[in-house]
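Here's the structure, in structure tokens; my notes come after.
The values are calculated or read from the model by the stated rules, or taken from the named source; none is laboratory data. Just so we're clear, the structure is a prediction, and the values are computed from it rather than from any experiment. Glycine also receives a Cβ, built like all others from the backbone with ideal geometry; neighbour counts cover every protein chain displayed.
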Amino acid sequence: MEENPLPLLPETNKKRPNLLTVLCILTFIGSGMNMFSSLVIAGFYDIFVQIAGEFAKKFTIPGIEQLMEAKPAFFLVSGICYAGSVVGAILMMQLKKAGFHVYTIFQILLVLAPMYFMHYPSPGIPDVLFSGLFILLYSMNLKHMS
């Protein structure tokens, strides 16, 4: 009598698509640097305002006045949201669908934060387009995640 071989197990070593890998690396770089700078500014806010004021006297930097008027809480919340985006990217790198949802939630919060903290009338168009593009590109890889 011939023994039956073990049943085939579902494939556990899924291949991560190159686009997903590139998106995650870009998120690690962009959100990681923004997380770091936001948290440093939140921690050293008074020094930031002083240095930014000196730069504003010497150079034309669009939007610097608005950043100088933002409170430390804005930078702290932004830093936390960028950290959440990095966590979402880490989960997506591991092909976990929950990472997409984490990333999307924190990107939406990042787009809305200036409206709440700095009383902007609407979200910034570049912010919406950039976040929307990344969310769209990540969503195209959802079929590879579980």
VAL102 being β-branched (Val, Ile, Thr) and touching a Gly at 6+ places or on another chain (Cβ under 7 Å): yes
Test set (1) under 30 Å from VAL77 (Cβ atoms); (2) at pLDDT below 95; (3) not aromatic (Phe, Trp, Tyr) - PRO7 fails condition number: (1)
The stretch 30-72, residues that are closer than 23 Å to MET115 by Cβ, among the charged types (D, E, K, R) and either at pLDDT below 90 or buried (at least 16 other Cβ atoms within 10 Å of the Cβ) (or both): GLU65, GLU69
Single residue of the stretch 129-141 satisfying the filter (loosely packed, with under 14 Cβ neighbours inside 10 Å and of a type outside the set (Gly, Ala, Ser)) that is farthest from CYS24 (Cα to Cα): LEU129
Number of the exception - SER85 against (1) modelled with pLDDT under 95; (2) part of a helix (DSSP H, G or I): (1)
Residue match in the stretch 114-125 (condition: modelled with pLDDT of 95 or more, in a helix (DSSP H, G or I) and surrounded by 16 or more Cβ atoms within 10 Å (Cβ to Cβ)): no
